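See structure below.
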Amino acid sequence: MGRLVVVSNRLADPRKPAAGGLAVALGETLKKTGGLWFGWSGKVVENGTPGEGELRVNQAGPVTLAELDLSQEDHDAYYRGYANGVLWPVFHYRLDLAHFEAGHLGGYRRVNQLFARKLFPLLKRDDIVWIHDYHLIPLAAELRAMGCEARIGFFLHIPLPPPPILTAIPSHEWLMRALFAYDLVGFQNHADLQHFAQYVQAEATAEPVGPNQFRAFNRTVHANAFPIGIDVAEFQRLGQAKEARDTYESTKAEYSRRRLLIGVDRLDYSKGLPQRIRAFRELLRLYPENRHSATLLQIASPSREDVEAYGDIQRELESLCGSINGDFGDFDWMPIRYIHRTVARRRLPGLYRACAVALVTPLRDGMNLVAKEFVASQDPDDPGVLVLSRFAGAAEQMKQALIINPYDTHGAAQVIQQALQMSQGERRERHAALMENIRRFDVHWWCREFLDTLRSSRAAPVDS
Ligand code: ADP
Ligand code: G6P
């Protein structure tokens with residue numbers, strides 16, 4: 001069996017904690033399989049030459065990490081400008097937040113070419129190459145142009161919007177054509193897969209040539225949904241370790257007379273944080289019995305602070321939390337505890353377990369691993385309740401959660417009240433069903449399923 005080569009923009013030492021679904025999931029996967037993980041080092045060289053970057057290769061346990069520096073100009077155009085200023089907002093249905101600039105597309109292509117130039121010499125004949133996420137869509141096409149014949153798969157961690165939204169991207173034909181350089185393309189759920197099928201049939205006149213196989217541009221690509229999961233066993237082990245237990249005990253002691261609700265997210269406009277806070281305010285307004293007795297703990301880790309829209313959402317959130325605490329708070333109770341920081345991963349299971357309700361309420365999300373982590377952390381005899389947005393990819397699998405529409409403030413508040421009042425019997429039943437699903441479709445299932453499909457789905461070579 002060939003070596004696994006994983007490529008993603010965001011790299012993380014698999015021995016250390018990370019925030020962000022991709023780094024967490026790939027770290028868990030590679031710790032088990034070993035292999036090469038290639039990506040951006042996180043370092044930006046101020047006066048570096050565009051299209052150039054130093055590569056450092058180091059061993060991190062069973063994983064070889066190949067870390068590439070980026071010049072400031074490349075970083076600004078590729079990461080800040082195109083990946084996070086165009087693809088992220090559009091793929092999350094936020095055309096209003098997208099900024100299209102030709103120079104950013106140029107930088108995106110240049111960095112994908114740089115990745116290909118640096119990666120290609122490291123590849124061995126029978127490697128299996130797995131490329132991740134929206135930063136690197138054209139990477140396989142660049143590798144193929146250099147003569148790479150390895151099996152190459154692509155997984156999109158974020159949603160794929162339907163054609164009327166996708167086609168707003170000025171370079172959408174080029175971008176989507178690049179997907180045909182892969183042997184297999186994976187999505188988080190069936191809705192995204194459908195959007196892909198609709199796009200390639202309408203815009204690229206691709207023909208379905210088999211179940212989930214599409215032929216266009218002289219290539220056949222396989223596509224399917226592979227919902228990502230968490231490492232349930234590992235997360236539960238973490239939950240039994242001292243740091244998580246201490247966190248549980250101290251949180252329980254501090255809130256002994258109060259119900260705790262929790263939100264854990266990167267501070268991103270896709271996460272629906274202002275809508276969540278407004279729903280919590282509505283809960284306090286509609287059901288005054290929660291005043292003095294319910295606290296929302298919102299932990300938001302800093303993210304992409306050099307992108308304008310992220311500064312805006314941070315200010316909005318701070319002002320909302322401030323006004324609710326001012327309106328409803330008392331000298332011995334604050335309704336919202338807002339923490340703008342990344343919490344140590346070792347403490348998360350203890351924190352989740354101490355909470356009666358989790359609010360996982362994105363406006364749009366590829367999957368949302370926090371929903372699964374919360375469920376995995378609960379005491380099965382006395383579990384907390386998951387309130388989940390219908391717009392999270394996870395909602396396709398986690399049907400026993402309480403599903404809300406995050407735009408409906410009043411309706412969301414009613415559901416949160418339902419969660420706070422749910423009987424122990426119902427909580428147990430829902431939790432058991434959710435656990436069964438996340439155990440079955442864990443991160444190892446995801447990895448196995450994708451790689452087995454990739455191994456058996458060789459796309460036909462380019463026709464002569
Ligand atoms: P995304 O990939 O968009 O960030 P996910 O919910 O899929 O969203 O994954 C987020 C991951 O990062 C989870 O593993 C979660 O535990 C972790 N994470 C998010 N926010 C924080 C935070 N404030 N502190 C610690 N870990 C965090
Ligand atoms: C999401 C994306 C990942 C990204 C992560 C953190 O999970 O799908 O590709 O790595 O957010 O964002 P960042 O910009 O810090 O890498």
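The values are calculated or read from the model by the stated rules, or taken from the named source; none is laboratory data. Being a predicted model, the structure only gives us computed values, none of them experimental. As a convention, Cβ positions derive from the backbone with ideal geometry for all residues, glycine included, and neighbour counts pool all protein chains shown.
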Exercise for review: Evaluate the following for Ile416: is it in a helix (DSSP H, G or I) and touching a strand residue (DSSP E or B) at 6+ places or on another chain (Cβ under 7 Å)?
Suggested key: yes
Practice item. Take the stretch 323-340 and flag every residue that is surrounded by fewer than 11 Cβ atoms within 10 Å (Cβ to Cβ) and either within 16 Å of ligand 2 (Cβ to nearest atom) or more than 18 Å from Ser256 (Cα to Cα) (or both). Key: Gly326
Review point. Is it the case that His132 is in contact with a Phe, Trp or Tyr (Cβ under 6 Å, 6 or more places away or on another chain) and either farther than 16 Å from Val5 by Cα or within 16 Å of ligand 2 (Cβ to nearest atom) (or both)?
Key: yes
Review point. Are any of the residues in the stretch 443-454 buried (at least 22 other Cβ atoms within 10 Å of the Cβ), over 21 Å from Ala233 (Cβ atoms), within 16 Å of ligand 2 (Cβ to nearest atom) and at pLDDT 95 or above?
Key: no
Practice item. Would you confirm whether any residue within the stretch 233-242 is in contact with a helix residue (DSSP H, G or I) (Cβ under 6 Å, 6 or more places away or on another chain) and either farther than 29 Å from Gln397 by Cα or basic (Lys, Arg) (or both)? Key: no
Review point. Does Val90 satisfy being of a type in the set (Val, Ile, Thr), at pLDDT 95 or above, crowded, with 20+ Cβ neighbours inside 10 Å and farther than 22 Å from Ala23 by Cβ?
Key: yes
Review point. Are any of the residues in the stretch 319-337 of a type in the set (Lys, Arg), out of contact with any Pro (no Cβ under 6 Å at 6 or more places or on another chain), touching a residue at least 24 places away in the same chain (Cβ under 8 Å) and part of a helix (DSSP H, G or I)?
Key: no
Review point. What about Ala77, is it small (Gly, Ala, Ser) and under 28 Å from Tyr269 (Cβ atoms)?
Key: yes
Check your understanding: So which of Glu282, Glu289 ends up being assigned to a helix (DSSP H, G or I), away from ligand 2 (no atom under 16 Å from the Cβ), surrounded by fewer than 16 Cβ atoms within 10 Å (Cβ to Cβ) and of a type outside the set (A, V, I, L, M)?
Key -> Glu289
Exercise for review: Name the residue, out of Tyr269, Tyr248, that is of a type in the set (Ser, Thr, Tyr), buried (at least 22 other Cβ atoms within 10 Å of the Cβ) and at pLDDT 95 or above.
Suggested key: Tyr269
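Listed here are the residues, each with its yes/no results for (1) within 11 Å of ligand 1 (Cβ to nearest atom); (2) without any contact (Cβ under 8 Å) to a residue 60 or more places away in the chain.
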| position | (1), (2) |
| --- | --- |
| Ala344 | yes, no |
| Ala356 | no, no |
| Ala371 | yes, yes |
| Leu386 | no, yes |
Point to revise | Residues that are under 27 Å from Phe441 (Cα atoms) and of a type in the set (Ser, Thr, Tyr), drawn from the stretch 387-415 | key: Ser389
